[in-house]
Amino acid sequence: MLTFIVDPNAGEQQQGLRVWQRLERFLVKRNTAYQVFLTGRRGEARLLSEHLTERNVLEEEDLVLIAVGGDRLMNEILDGAHLSDRLIFGFVPAERSDLARGLRLPRSQWLCFRRILNPHEVRLMDYGIVDFGAEEPQHRRFAVSCGCGYDAVRSEMASEFSQRPGLHVPLLQDLQFTGSTLQCFLGAKTVRGELLLDETRRVELNHIFLLSAQIQPTEARGIRLAKSAANTDGLLTVCILHNRSKLQQFRILAAPGLKKPVEFAGVRNYTCAELKVSLKEPLLLHVDGEAVGMQREFTVRCIRQKLKFLC
């Protein structure tokens, strides 16, 4: 039996709900056994995933857990799950998704769904863990990236914008989103910081505008600074944009495709299995696009090929 966790509010104008209704009609038509849980608030998918996978461990049966929504929904499901060899994930994106891009899923939700019903393969994928919080230590898993600075602020702004009620005129929505993004970009600050890679290499940087530890090649809805990232090698691709010039920051982020990001002044890429970050001033930290507060220090690790995805 297939188990679906659906975010009906994913995308614009409840795109997640419309995608699910179409998929459900097909399941009913084919008499396919399934169960579905619709989420209503942040954190609910994490609790559902924890409950479903805990029961699955006790029953010792395979569980196919399919997310219909965005990267944040998939993050909650991953973060709450009791991971085991019997747990297999599926993903049907209902909005722009860096995870779908990294898994090379079809752009069509319908084709993604057909692949789940008739998968080409069960693909093994890495995931990351970030530890943060000096007073109350916390840790979170992620499937795409975690990072601090502009990408965290941009992701949080984009999520809030997509949930905002108001005019449903595409041109006006685009103009409003562009204005909000520009305001977010101009308000983002830079800080000094220090990185420790695999406990062996120390790097000090000034004017850190964006710092991300990535499993997938893109993050924060399309930022492309980790072109060479592989999601099966057991390594993080650490991307830093450190430049105080707004013009240069814009030039790098707006460059189409960024075939070789490291050729731009102020862009660095490193690979490592573990990363420790210490900042002179706190920046907003995100995990797969979800803000988890202002942080000065955090540690990121990569766990190799422990997730199973239907592709």
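Please treat every number below as a calculation from the coordinates, not as lab data. Bear in mind the structure is a predicted one, so any value in this text is a computation, not a measurement. A quick note on method: Cβ atoms are made from the backbone with ideal geometry, for glycine too, and the neighbour counts reach across all protein chains shown.
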**Complete:** Listed with the fewest Cβ neighbours within 10 Å leading, Cys112, Cys302, Cys184, Cys148 appear as Cys184, Cys302, Cys112, Cys148
**Chain lengthening between Ser278 and Ser84 when straightened (0.36 nm per residue, less Cα-Cα)** = 66.5 nm
**Asked** When the dipole is taken about the Cα centre of the range 2-120, and only Lys, Arg (+1) and Asp, Glu (-1) are charged at their Cβ, what size is it in debye, to the nearest 20?
**Response** 760
**Request:** Tell me the label-point distance for the pair Asp62, Asn118, using the 7 Å Cα-to-Cβ offset, in nm and rounded to one decimal.
**Result:** 1.8
**Student exercise, the range 53-140 dipole from Lys, Arg, Asp, Glu Cβ charges, in Debye to nearest 20** = 760
**Message:** At R0 = 30 Å, how high is the FRET efficiency between Glu24 and Lys306 if r is their beta carbon distance? Nearest 0.05 is fine.
**Reply:** 0.50
**Prompt:** Separation between the Val203 and Arg244 pseudo-spin-labels, each 7 Å from Cα along Cα→Cβ, expressed in nm?
**Reply:** 2.1
**Complete:** Per DSSP, the loop-located trypsin sites (Lys or Arg not before Pro) within the range 1-41 having at most 12 other beta carbons within 10 Å are Arg30, Arg41
**Message:** Let me check the size of the chain from its C-alpha atoms; what are the radius of gyration and Dmax in Å?
**Reply:** 19.3, 59
**Item:** the chain: angle of helix 150-162 to the longest principal axis, Cα-based, in degrees nearest 10
**Value:** 40
**Item:** Likely footprinting exposure, Phe89, Phe142, Phe185, fewest C-beta neighbours within 10 Å first
**Value:** Phe185, Phe89, Phe142
**Prompt:** Among Tyr270, Tyr127, which comes first, second and so on when ranked by fewest other beta-carbon atoms within 10 Å?
**Reply:** Tyr270, Tyr127
**Item:** Glu263-Arg192 pseudo-label distance in nm [points 7 Å out on the Cα-to-Cβ vector]
**Value:** 3.3
**Asked** Which percentage, to the nearest 5, of the DSSP beta bridges contained in the chain is antiparallel?
**Response** 75
**Request:** Would you mind checking the tilt of helix 170-187 against the longest principal axis of the Cα atoms of the chain, expressed as 0 to 90 degrees and rounded to 10?
**Result:** 40
